[in-house]
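Structure record follows, encoded as structure tokens.
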Amino acid sequence: MDSDRRAPVRDVVVVLITFAVAGALGALLWHWWWSPAPTGFVFEKRPYFGPDLEFRSTGTYVVVSAALGLVLGLVLTYLLDRDEVVTLVALVVGGLLAAGLMALVGHLLGPESAAEVARGAADGDSVTADLRVQPGAAYLIFPVAALVGSLVVLLTFPNRD
């Protein structure tokens with residue numbers, strides 16, 4: 001494999017490693033910002049938290065992942081300008097990787113599952129929320145923000161060669 005053929009592979013590896021590290025560091029930031037864990041109560045063997053407390057973990061996840069994705073999209077697109085299509089695909093895959101790692105590491109850092117605690121508790125007992133992301137579009141914020149950052153660079157600096 002000659003040098004010209006290795007460059008896109010190297011770029012993809014750089015993007016994936018950068019996003020993996022950013023996902024893990026983003027989880028630490030997410031956990032720090034979210035702490036202390038909100039408290040609720042058990043009702044019919046299920047945890048109950050107010051609507052704002054239920055949204056708090058997903059909301060902070062969205063803000064942290066959007067900021068990290070945007071910055072990484074800007075920087076990596078600017079620096080890795082050999083093949084824009086390869087960079088864009090790597091940003092999407094890296095963003096999905098970072099989103100999953102951030103959610104997993106953040107959940108592992110947070111308290112134990114509130115649902116599991118509630119199953120063994122009596123009605124009215126206090127329970128702390130676990131750090132988790134509601135299923136759905138929140139996982140797409142990281143890669144979409146990276147693509148927005150990439151778009152800004154590609155439109156602002158069209159002739160970087």
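Since every read-out is calculated from the coordinates, none of them should be taken as a lab result. These numbers were taken from a predicted model, which means no experiment stands behind them. Glycine gets a Cβ as well: all are built from the backbone with ideal geometry, and neighbour counts include every protein chain shown.
Here are a few things to note about the model shown:
- When each full DSSP H helix of the chain is screened for a Cα extent of at least 24 Å along its own axis and an average Kyte-Doolittle hydropathy of at least 0.0, the helices passing are 3-34, 51-79, 84-109.
- Three-way shape call for segment 10-95 based on the alpha-carbon gyration tensor, with the a/c threshold at 1.5: prolate
- Whole-Å distance, taken between Cα centres, linking segment 43-104 and segment 11-31: 10 Å
- Remark: spin-label model distance LEU53-ILE17 equals 4.3 nm, labels positioned 7 Å along the Cα→Cβ axis.
- 3J(HN,Hα) along segment 125-130: 5, 7, 9, 9, 6, 9 Hz, from the Karplus curve 6.51 cos²θ - 1.76 cosθ + 1.60 with θ = phi - 60°, whole Hz, x for Gly and Pro.
- The slack in the chain from VAL86 to LEU25, taken as 0.36 nm per residue of separation less the alpha-carbon distance, amounts to 19.5 nm.
- Report note on the peptides 136-144, 87-95: ranked by the mean count of other C-beta atoms within 10 Å, highest first, their order is 87-95, 136-144.
- Nitroxide proxy distance, nm - points 7 Å out along Cα→Cβ at ARG119 and ARG46: 1.5 nm
- Cleavage-rule hits (GluC sites (Glu not before Pro)) in segment 1-109: DSSP loop, at most 16 neighbouring Cβ within 10 angstrom: GLU44
- Judged by the ratio a/c of the largest to the smallest principal axis of the C-alpha gyration tensor, the chain counts as prolate, that ratio being 1.5 or greater while a/b is larger than b/c.
- Charge dipole (Cα centre; +1 on Lys/Arg Cβ, -1 on Asp/Glu Cβ; no other charges) of segment 116-161 amounts to roughly 280 debye.
- Mean sequence separation of contacting Cα pairs (under 8 Å, at least six apart), scaled by the length of the chain, corresponds to a relative contact order of 38 percent.
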